[in-house]
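The values are calculated or read from the model by the stated rules, or taken from the named source; none is laboratory data. Nothing here was measured: the structure is a model prediction, and the numbers come from that model. Note that we place each Cβ from the backbone using ideal geometry, even for glycine, and neighbour counts take in every protein chain shown. The area values use the complete protein model at the heavy-atom level, side chains included, leaving out ligands, DNA and RNA. Shrake-Rupley method; radii C 1.70, N 1.55, O 1.52, S 1.80 Å.
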Amino acid sequence: MTTPVELRDVAAQGAAGAGRAGSGSAHDLHLALLDWFAANARDLPWRDPAAGAWGVLVSEIMLQQTPVARVEPRWRDWMLRWPTPADLAAATPADVLRAWDRLGYPRRALRLREAAGVIAREHAGRVPTAMAALLALPGVGSYTAAAVTAFAHRRRAVVLDTNVRRVLARLIGGQALPPPSLLAAESERALDLLPDGDEDSARWNAALMELGALVCTARAPSCPACPVRSVCAWRRAGAPADSHAGKRRTQAWHGTDRQARGRLLAALRAAPGPLTPAELAAAWEPGPQFDRALAGLLADGLVAAETGPEGGSEGYALPLT
DNA sequence: TAACCGTGGAA
DNA sequence: TTTCCAAGGTT
């Protein structure tokens, strides 16, 4: 467990190389990054206070593993159509899945709709502020709960996404990239660096994320443009290569069940009504993998079997309930 | 813990 | 063309 005093030492050691008169404190590190953020933050719609906590929650779910550029138009449409949790909760899964379009991981869309129902029924239509209540929402994990706490409620929380993990791994840890799985030491380090005040800590979280997204990127960081380059442990160490290289498995895609599921669901999104198995066969060749993918989609509630008047199957469609 | 869950742009 | 990666969560 790193104490705040030890943290200040760490930050001071980094700042000592800054060469600026009066530098050498965590305070300077915070100022440098917060100033940079004030001048360079993107004008994203969910950062507008008018977006509200619901708008922030929607954005956070959509942004899970999905680039900002792809999310923005879908978020705008979504908020116009379902401006409150109750609105979304009243929508059909089919409508929600079509509005989700091709953001990917469509189970997120169903969970967001379920979360909207919980918020509408159990929280009087307001996004909860208690961490336990946030974590109880479908599709909300440690990152999203912290992000909503910080960015919507403007309260102190440790926000650790892929950007923050990478920035801190470099800035403090001297590593090219964070370890494959989140370690307790990373959370402790992030907590130690978090400013005490609610609003300051919220800005700090956003600034770290923005730095990771715009400057301290995974592949080709723009170190000359970095406001904290002079205190970066990774840079001072000579920007060594990723020590975890080789332990990161890249997920296969071509020919996988996931690709099959994606094709089948894309066909059903585009269809006005149920599709027969023969029609679905245009999206993916029939066989064991087709069967497995369809069964998985049914089990996940992403697809429903349509039953005819005689009880026989008429085909498959996006769920209406 | 590790595997699973979509999609598409950039290098 | 292949690989990497993007504001993770669930099981």
Problem - In the stretch A:75-93, residue farthest from DNA strand C (Cβ to nearest atom) [restricted to those that are touching a Lys or Arg at 6+ places or on another chain (Cβ under 8 Å) and aliphatic (A, V, I, L, M)] - result: A:Ala91
Handout entry: Checklist (1) touching a residue at least 60 places away in the same chain (Cβ under 8 Å); (2) assigned to a loop (DSSP other than H, G, I, E, B); (3) of a type in the set (Lys, Arg) applied to A:Arg170, failing item
Key = (2)
Completion exercise
Of those in the stretch A:76-88 that are open to solvent by less than 20 Å² (accessible area, probe 1.4 Å) and assigned to a helix (DSSP H, G or I), the residue farthest from DNA strand B (Cβ to nearest atom) is A:Pro85
Problem - From A:Glu60, A:Glu72, residue being within 12 Å of DNA strand C (Cβ to nearest atom), in contact (Cβ under 8 Å) with a residue 12 or more places away in the chain, surrounded by fewer than 19 Cβ atoms within 10 Å (Cβ to Cβ) and assigned to a helix (DSSP H, G or I) - result: A:Glu72
Problem - Selected residue (only one of A:Ser142, A:Ser187 is open to solvent by less than 70 Å² (accessible area, probe 1.4 Å), in contact (Cβ under 8 Å) with a residue 12 or more places away in the chain and within 15 Å of DNA strand B (Cβ to nearest atom)) - result: A:Ser187
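Matching residues to (1) of a type in the set (Asp, Glu); (2) closer than 18 Å to A:Asp257 by Cα; (3) out of contact with any strand residue (DSSP E or B) (no Cβ under 9 Å at 6 or more places or on another chain):
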residue	(1), (2), (3)
A:Glu285	yes, yes, yes
A:Phe290	no, yes, yes
A:Leu297	no, yes, no
A:Gly301	no, yes, yes
A:Ala305	no, no, no
A:Pro309	no, no, yes
A:Ser313	no, no, no
A:Thr321	no, no, no
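From the list A:Arg81, A:Arg102, which one is under 18 Å from the mean Cα position of the chain (by Cα) and more than 15 Å from A:Gly139 (Cβ to Cβ)?
On inspection, the qualifying residue turns out to be A:Arg102.
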Exercise for the section: Consider A:Val96 carefully, then state whether it is within 11 Å of DNA strand C (Cβ to nearest atom), of a type in the set (A, V, I, L, M) and not assigned by TED's automatic domain parsing to the domain that holds A:Arg261. Expected result: no
Problem - A:Gly197 away from DNA strand C (no atom under 16 Å from the Cβ) and at pLDDT 95 or above - result: yes
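With A:Ala202, A:Ala206 as the choices, which residue is within 21 Å of A:Pro67 (Cα to Cα), away from DNA strand B (no atom under 16 Å from the Cβ), among the aliphatic types (A, V, I, L, M) and assigned to a helix (DSSP H, G or I)? If you could, list the steps in order and put the result at the bottom.
Details: A:Ala202 fails: within 21 Å of A:Pro67 (Cα to Cα).
After ruling out the rest, the residue left standing is A:Ala206.
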Exercise for the section: Give the number of residues within the stretch A:114-139 that are of a type in the set (D, E, K, R), more than 16 Å from DNA strand B (Cβ to nearest atom) and part of a helix (DSSP H, G or I). Expected result: 2
